[in-house]
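See structure below.
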Amino acid sequence: MAIVIEVINRTGQVQHCQVFDKDTITIGRAYTNDVIIADPYIDPVHASISAIDDSEQGLYFTCEDLSSINGISDSKGHKQSAKSHWQAGQVFSLGKTLIRINSTDTAVPAAVRLSAWEQISDSLTRARVVILVSVLCVLFTAVDTYLSSFSVQNKTAEYAIVIYLLLSIVVYAGLFAFLGKALRQDSRFWLYYTLVGLSIIFVAIYDLLSGPIFFNLNLGVSHWFDSMAYALVIALLIYFSIQSASSFKIFTRIAIASIIPGLVIINLTINMSRNNEFNWRPQYDVSAYFQTLYIAKSDTKKEVLDSSKALYQQE
């Protein structure tokens, strides 16, 4: 039996793992320790851990605080006593570092099969795919910008739209790459870059084809359908970006990705409710019901005409 020390992040992913074939180890910043952690909130010799195999209680660990400044806390931040007993798999914190203690006798979970999304995302980060998506993104965006512009004389503005779009892609990919590095220690810049590029290509193709399709099928103006289509693309983009950059549960990812479609639906509902065709309440003059609230007396039609005639005669 040996002691296994795992340094983990707040999502539970292992950042560093060490195995010690001894019964007692020490943890701290000093180079004389068995486990050396470069955390300024940890003492040079912070704590010692011992493995005890008892015939009655089984295997457990004792963790002793060696008069450290910040002490030892559990995974929820509660301070522990100077000497505490823990079971295998216990997570505790020294300073700002999370540590999980185990033994070599602990069963390791079976490998998790790669999901279909993981296999697809690996394919999307290949160099030829990134280059192809970049070329198609620029091409479709340029064509869409050219056809949607009534004035083809100002070429500088059209080129600027393409340049700003590419810069936006880089900024979006950079933000999610930073988020992935912070939450999962996995920066996948080119994956987010490709996802944004594919979204823009889809939107550009939709803009090019939606007009002729709606016109030839006599579906009328498609402003509400355009808004929903764009919101759906943005929601899918955010959902898959969050899935790759974090360990959030599926309901959390759906909730965050549904914010923009929800706002679009609310806006469309408000606009439709203001339309007379969808307004069940007839229009009426509220002054007939609240005459006692009016201080100034309104002029009648005869009074307005008489005052106009008098003003004309004065001229």
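Residues in segment 3-103 average 54 Å² of solvent-accessible surface per residue, probe 1.4 Å, ligands and nucleic acids excluded.
Computed from phi, the 3J(HN,Hα) profile of segment 231-244 under the Karplus parametrisation 6.51, -1.76, 1.60 (θ = phi - 60°) reads 5, 5, 4, 5, 5, 5, 4, 5, 4, 6, 5, 5, 4, 7 Hz, with x in place of Gly and Pro. Peptide packing: for 46-53, 258-265, 112-119, 194-201, the average count of neighbouring Cβ atoms within 10 Å per residue gives the ranking 194-201, 46-53, 258-265, 112-119, highest mean first.
For LYS309, the aspartates and glutamates whose Cα falls under 17 Å of its own Cα, not counting residues fewer than eight places away in the same chain, are ASP299.
Of VAL4, VAL129, the order by accessible heavy-atom surface (1.4 Å probe, DNA, RNA and ligands excluded), from most exposed downward, is VAL129, VAL4. The gain in end-to-end length when the ASP39 to LEU263 segment is fully stretched comes to 76.2 nm, 0.36 nm per residue minus the alpha carbon separation. Counted by Cβ distance under 12 Å from VAL45, the other residues give a net charge of -3, where Lys and Arg count +1 and Asp and Glu count -1. Of all DSSP-defined beta bridges confined to segment 3-103, some 95% are antiparallel rather than parallel. For segment 116-274, with all protein chains in place and a probe radius of 1.4 Å, 73% of the accessible heavy-atom surface sits on carbon or sulfur. On a per residue basis, segment 116-274 carries 63 Å² of accessible surface, using protein heavy atoms and a 1.4 Å probe. From the Cα gyration tensor of segment 3-103, with a ≥ b ≥ c the square roots of its eigenvalues, which class applies: rounded if a/c is under 1.5, or else prolate if a/b is larger than b/c, or else oblate? Judged from the Cα gyration tensor, segment 3-103 comes out rounded (a/c under 1.5). Charge tally around LEU175: other residues with Cβ under 13 Å, Lys/Arg +1 each, Asp/Glu -1 each, net +2. How big, in percent, is the set of alpha carbon pairs in segment 116-274 lying more than 23 Å apart? Counting pairs separated by more than 23 Å, the tail of P(r) holds 48 percent.
Kindly flag which residue pairs out of LYS76/LYS181; LYS22/LYS83; LYS22/LYS76; LYS181/LYS249; LYS22/LYS79 have an alpha-carbon separation exceeding 25 Å in this structure. Pairs exceeding the cut-off: LYS22/LYS76; LYS22/LYS79. Sorting 226-233, 9-16 by average packing, meaning the other beta carbons within 10 Å per residue, from highest down gives 226-233, 9-16. Each Lys or Arg adds one and each Asp or Glu subtracts one; over the other residues with Cβ under 12 Å from the Cβ of ILE25, this totals -3.
The values are calculated or read from the model by the stated rules, or taken from the named source; none is laboratory data. Note that this is a predicted model, so its numbers are computed, not measured. Neighbour counts run over all protein chains shown; Cβ positions are idealised from the backbone, glycine included. The area values use the complete protein model at the heavy-atom level, side chains included, leaving out ligands, DNA and RNA. Shrake-Rupley method; radii C 1.70, N 1.55, O 1.52, S 1.80 Å.
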